[in-house]
Amino acid sequence: MSLLHVFGFGLKVGHLLWMLCCWVASMISMNWFINGEFKDADTVLLGHSGSKMWLKFWDKFSNYSFNIHHQYYQYVGSKRISKTWWRKLLFSWIIGWILASISILYYMSFQATEKRKETLASMCDERARMLQDQFNVSMNHIQAISIFISTFHHGKTPSAIDQRTFARYTERTAFERPLTSGVAYAVRVLHSEREQFEKQQGWTIKRMDTLEQNPVHKDDYNPDLLEPSPIQEEYAPVIFAQDIVSHVVSLDMLSGQEDSKNVLCARKSGKGVLTAPFRLLKTNRLGVILTFAVYKRDLPLTATPTERIQATVGYLGGVFDIESLVEKLLQQLASKQTILVNVLDTTNQSYPISMYGSNASNDGLEHVSLLNFGDPFRKHEMRCRFKQKPPWPWLGITTSIGILVIALLVGHIFHATVNRLAKVEDDCHKMMELKKQAEAADVAKSQFLATVSHEIRTPMNGVLGMLHMLMDTDLDVTQLDYVRTAQASGKALVALINEVLDQAKIKSGKLELEEVQFDLRAILDDVLSLFSGKSQDKGVEVVQLAVYISDQVPQMLIGDPGRFRQIIINLMGNSIKFTEKGHILVTVHLVEEVIDSIEVETESSSENTLSGFPVADRRQSWKGFRTFSQEGSINPFSHSISLIVSVEDAGEGIPLEAQSRVFTPFMQVDPSISRTHGGTGIGLSISKCLVNLMKGEIGFVSIPKIGSTFTFTAVFTSGSSSSKKYKSQQINKMSNSVSSEFYGMRALVMDPRPVRAKVSKYQIRRLGIHVEVVSQWKQGLSSIRRGSNAINMVIIEQEVWDKYLNNSTLFFDTLEKIDYGTPPKVFLLSNSISSSGANISTGVFNMTVIPKPWRASMLAAALQRTMGVGNKGNPCNGQLPSLSLRNLLLGRKILIVDDNNVNLKVAAGALKKYGADVVSATRGIEAIELLTPPHQFDACFMDIQMPEMDGFEATRRIRDMEHNINNRIHHGELSVEAYNNVSNWHVSILAMTADVIQATHEECLRCGMDGYVSKPFEAEQLYREVSRFFQ
Amino acid sequence: MDLVQLQRQFVDYRTSLYHEGFLDEQFTQLQELQDENNPDFVVEVVSLFFEDSERLLNELARALEQQSIDYKRIDAHVHQLKGSSSSIGAQRVQKVCIAFRNYCEEQNVEGCLKCLQQVWHEYSLVKTKLESLFQLEQQILTAGGSIPM
């Protein structure tokens, strides 16, 4: 029951809480409502059609939400406003909840009091009713006794009752009158009858009032001591009395003040009349006396008082011991202890007479119940109070405190949240500022780096130049060694600075790619030759270098060759650093090819690699490339060509934990790497940036101890407008560029390893030679024997030679036996350069060794030497720039001007060596004559310091002349035909000088030169300069 | 003489020339320029150098004997000589030339004369050395061997 009550109460509280929340929410939203809503709402309410209303409502709704956002941003945006706003809200929240909890407390205690009151009332009424009932029962019985007396005492003569009978009767019927302590009957005696009456009874009528005035104790009560009653009109002496009150016999009731009043009243009204409470004789307890008049005959209800008085014969009185009676009554009832009962006679309103109960005043609750004891003249009431003070309303207190605590907690959360928000906002602002600072610092750092690098480079050039000059002075061997070391270090430093500058440039987005036409194959040849020396230096085992470019890749591409070269060099440089054995293979394909093959190509065995060492599967390295995931992006009709380049090595691989930071600048696998292998760790990062600039992606796969494969894609444009036509001419053109004399020849490659054979095939085919690959030498022999197609050359992999053919004459015997045409020439592909150019003679047969790495030019040279086709070319050693120079200078017509015969001869010799067609001149004037258009020269190397006319002057004149002629051609004064169809004459002039300082770049440019080279020729510098205009 | 011994002698002699500073790597480069197309390249260049140098030295001697010395002309000659010598890698001649030019700039007659003596001396030395080197080479070739690189 109480549980249910509590539950209900909880629901009430919950509801209250919810209402309060709603109220707060509405207060908050009121602002917006007032701001944005009312006007619209009015118009809507003023009667539009339903659809319009909806529309408007929607409008408003969006408006409203917008407003909310707006307000929110406004509030959040201006921190101060939001702060004060939140504080006010919090304050009102707390105040509101304190008030709410107080009202809850009040409400609950009020409820409890009401309930208590109700309980008290019901208990009091119950008691009063019981008391009244019992009293009435007693009263009725007394009335019955009065009737009994009138019947048996006055109705019969002689009387049927005497004192003893009455006493016994009343004693035996006492249980009927639980509230009376005794009953007595007084008879009406007129004064005239007194004498007779006294005689008859044997006692005198005694008066009572003295007794009343001097109440005596029971013990010393002696009725004989009482005075006889004075003479009066009439008397009412008691004749019968219950034993318990037998002491009142013979007392004149009319002589007692209270009693006489009672008696008179009773006989007048004919009803039971009560006295005011008074101390009873003997017991000295509070009591009342009920008096009934006994009439001679039955009187009607309408009898007048006079009639009643005349009819009166006696009076019956009952003593009610109220105190003990009430106590007895209360004992019968439960929860006697909880309430205090007072019974009062309130006939006189201002002086209520207490009949029962203590007077202990208690200002607590009191309930008053009226008692009706059947006497209309007397009023009685019962007043009930709780004995204990009302208990504390614990439920209310705990509930309200609980609510308050919850509200405070919520407030605290609010507060904390707001504070936190503000703090986070502050932090965010701080972070933003810090971020800005950091970014600014980063930019500043990059700029600083760039500036410093540039500033270092300038003096470094001076240092290098001076070192170069120092080398020309009189130095002993040790000094020379020092200077060389210094110069090498300086060069390394400049290279590093260039790298850093690159990085900075890329970062600041200043690096722009060139758009020039270039030959991818030539670039890769260059790179290969650049590294071939390094790969030979590595140690005992030779690292094989190879390049394979798919036939589908066009010969000429448009892009930035320098940057492409840089990427390849970075990747290959890394591979070389970490590869001690096996091979490094660079493959170039079109992306389309690879996409097609990506599904087709099944797992290639690890043995099927260039050197037989297992490598990381390169297909893994481009797994994550975007290009492959969105194939649709490749437009086959556009001129853009996507290349995919893989550099695969059988090196030591990258440790797994370092793989994630491979492309992070300045991060190497661990510090020991830079000690053992050198480098700054910037190369790959630059490569990545460059690849991104080329709209490509870079990725890698690396397996420790097996190797790494780096793959990148890059987008170029096709070198010629119609790429398809180009492709068909490709072979021809290539053979032109290298050597056309092999075109149409047939070669047989004996190589059991497909990948290596593929590379060989690629390189040989570049010379226009048809290639047939056999994996078994016997198979090769049989194909030679068949002789359906005359095979001009047989190229044998060293591995095959070592295993099967060495010391075996069978092979050569077979070759000799071929009776038609010339027997094929035999070449051996060697991995090491040491035996280059050497001819191994086995018996009659000569075999030429071609050293690797494969390069078309080298192959051509070897072939030329052996086959005796075209004797122009010179076999060249695998020295780095010489081959590239050869590529550049082959067939060029070059004029050399120098007054010093020796110098002239040396320079001419050097240029001739690279295949150039050299014309010499010893004087400036001569040069001017030779260079007067039209002429065939591609370039001119000119000494600066010459007698008569120095190089600057000669150049200036040549330029003037060219300018003049160009102008005249443009103006039509001269016909273009007469000038070899060249409308814009400009021959490249390079200064030759031994003096680094004198021939500064600027000065050379000022007089119209294109560059300068040092004298004597330094292959690297020569290449750098020459490559600028010979592409 | 045995071919192998000749070859060894040749190599030793050449090495000594480098070590004593008569020649530098420029001479090596010169040798590299020589190939089948140009089998006598080095000898040609070197003899050209001899002719040129002797002419220049004679002119220098004559110029320094004059009453009024034309330092500009002397400087031009020395510059020529320096260029030639550096081209074939005769570095000792070249170094003296550098000193010569300094004196020339100072217009120091005595210094110039002293340098001329030195240049003569160095030139004669390198000439004999180179001639004997070529002689050895010739011997090897006539013996049917190849020139070791």
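Of A:Leu464, A:Leu496, all but one fail to be surrounded by 14 or more Cβ atoms within 10 Å (Cβ to Cβ), at pLDDT 80 or above and assigned to a helix (DSSP H, G or I); the exception is A:Leu464.
Scanning the range B:8-16 turns up no residue that is surrounded by fewer than 19 Cβ atoms within 10 Å (Cβ to Cβ), modelled with pLDDT under 85 and within 8 Å of chain A (Cβ to nearest Cβ). Against the criterion of being in contact with a helix residue (DSSP H, G or I) (Cβ under 8 Å, 6 or more places away or on another chain), of a type outside the set (Gly, Ala, Ser), within 20 Å of A:Glu1025 (Cβ to Cβ) and within 14 Å of chain B (Cβ to nearest Cβ), A:Asp898 qualifies.
Considering only the range A:928-948, how many residues are among the polar types (S, T, N, Q) and either under 60 Å from the mean Cα position of the chain (by Cα) or away from chain B (no Cβ under 14 Å) (or both)?
2
Quick check: anything in the range A:407-430 away from chain B (no Cβ under 14 Å), closer than 30 Å to A:Leu511 by Cα and either touching a residue at least 12 places away in the same chain (Cβ under 8 Å) or of a type outside the set (Val, Ile, Thr) (or both)? Scanning the range A:407-430, I find no residue that is away from chain B (no Cβ under 14 Å), closer than 30 Å to A:Leu511 by Cα and either touching a residue at least 12 places away in the same chain (Cβ under 8 Å) or of a type outside the set (Val, Ile, Thr) (or both), so the answer is no.
Would you mention how many residues in the range B:125-147 are in a helix (DSSP H, G or I) and over 10 Å from the mean Cα position of the chain (by Cα)? Residues that pass the stated criteria total 12. Consider the range B:57-95 and keep the residues that are under 26 Å from A:Gly909 (Cα atoms) and hydrophobic (A, V, I, L, M, F, W, C). The one that is farthest from the other protein chains (Cβ to nearest Cβ) is B:Leu57. Among the residues of the range A:908-924, the ones that are small (Gly, Ala, Ser) and either within 7 Å of chain B (Cβ to nearest Cβ) or within 15 Å of B:Phe27 (Cβ to Cβ) (or both) come to 2 in all.
For residues that are assigned to a helix (DSSP H, G or I) and touching a Phe, Trp or Tyr at 6+ places or on another chain (Cβ under 9 Å), scanning just the range A:371-399, find the one that is farthest from A:Ile104 (Cα to Cα). The extreme case among them is A:Leu395. Taken over the range A:81-135, the residue count meeting the criterion of being in contact (Cβ under 8 Å) with a residue 60 or more places away in the chain, within 16 Å of A:Trp392 (Cβ to Cβ) and of a type in the set (D, E, K, R) is 1. Filtering A:Glu1003, A:Glu929, A:Glu977, A:Glu973 for residues that are outside any strand (DSSP E or B), of a type in the set (Asp, Glu) and in contact (Cβ under 8 Å) with a residue 40 or more places away in the chain leaves a single hit, A:Glu1003.
Report whether or not A:Met992 is buried (at least 21 other Cβ atoms within 10 Å of the Cβ), over 30 Å from A:Phe518 (Cβ atoms) and touching an Asp or Glu at 6+ places or on another chain (Cβ under 6 Å). No, not satisfied.
I'd like to know if the range A:444-456 contains one or more residues that are assigned to a helix (DSSP H, G or I), closer than 29 Å to A:Phe564 by Cβ and in the same structural domain as A:Lys695 (by the TED database). So far as the range A:444-456 goes, no, none of its residues is assigned to a helix (DSSP H, G or I), closer than 29 Å to A:Phe564 by Cβ and in the same structural domain as A:Lys695 (by the TED database).
The values are calculated or read from the model by the stated rules, or taken from the named source; none is laboratory data. A quick note: this is a predicted structure, and the numbers were derived from the prediction, not measured. A quick note on method: Cβ atoms are made from the backbone with ideal geometry, for glycine too, and the neighbour counts reach across all protein chains shown.
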